[in-house]
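To start, the structure itself, in structure tokens.
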Amino acid sequence: MTGCEDALVAFLLDQVDAAAVDHIRTCPRCRAEQPVVRALAVRLAADPAPTPPPTLAPRVLTAAGPLLARNAQGAAWRAAWPAVARALAAALIPLPAILVFDVALVRAIYSLLGAVLPHGLSLYLVVNHAALLALLLTLTYGAVPFLAARQARLLLQDGYRHG
Ligand SMILES: [Zn+2]
């Protein structure tokens with residue numbers, strides 16, 4: 001059974017069914033209100049949807065800008081960090097081999113120089129050579145985090161441009 005409200009709402013929303021028509025026919029109150037509801041429905045349907053002001057979209061984008069940028073940066077970093085981790089791992093994998101090779105090289109040079117030079121002089125040369133190798137290794141591997149960070153920054157900027 002359709003109540004008064006159901007019947008009037010059906011007329012207001014232009015969704016009239018047989019039950020609503022039956023109710024309007026038998027209910028004096030709804031029969032009296034039905035023309036008002038129909039007029040209201042016609043006026044609501046005639047009212048055009050409001051057009052947003054042209055400044056609304058730029059204002060919304062400006063307000064959401066920092067949040068969108070933070071989201072894009074987080075997404076770009078999540079996309080970039082596996083590449084940075086791979087670069088760091090690739091740089092660190094040969095380190096033990098390089099150290100073993102350098103130690104063998106220094107010992108070979110030491111034994112070679114020991115055959116032709118006085119002990120003190122060959123020790124001095126070998127220590128100098130070992131110190132130079134250690135300095136070069138330190139500089140090379142010290143640069144790896146900076147290069148990886150720079151690569152990540154470039155990837156982030158790239159993500160900004162394309163994201
Ligand atoms: Zn009624």
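Computed from the coordinates by the stated procedures, all read-outs in this text should not be read as laboratory data. Computed from a predicted model, the values in this text were never measured in an experiment. All Cβ positions, glycine included, derive from the backbone under ideal geometry; neighbour counts span all protein chains shown.
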Quick one: go through segment 85-102 and flag any residue whose amide nitrogen is under 16 Å from the point 7 Å out along the Cα-to-Cβ line of residue 151. 85-95
Compute the helix-to-body angle for 119-162: its Cα long axis versus the longest principal axis of the chain, expressed 0 to 90° and rounded to tens. 10 degrees
The whole-number value in µm²/s of the Stokes-Einstein translational diffusion coefficient for segment 56-162, with Rh from the Kirkwood sum over alpha carbon pairs at 37 °C and 0.692 mPa s, is 184 µm²/s
Pulled fully out, how much extra length does the chain show between residue 111 and residue 125, if you take 0.36 nm times their separation in residues and subtract their Cα-Cα distance? 3.9 nm
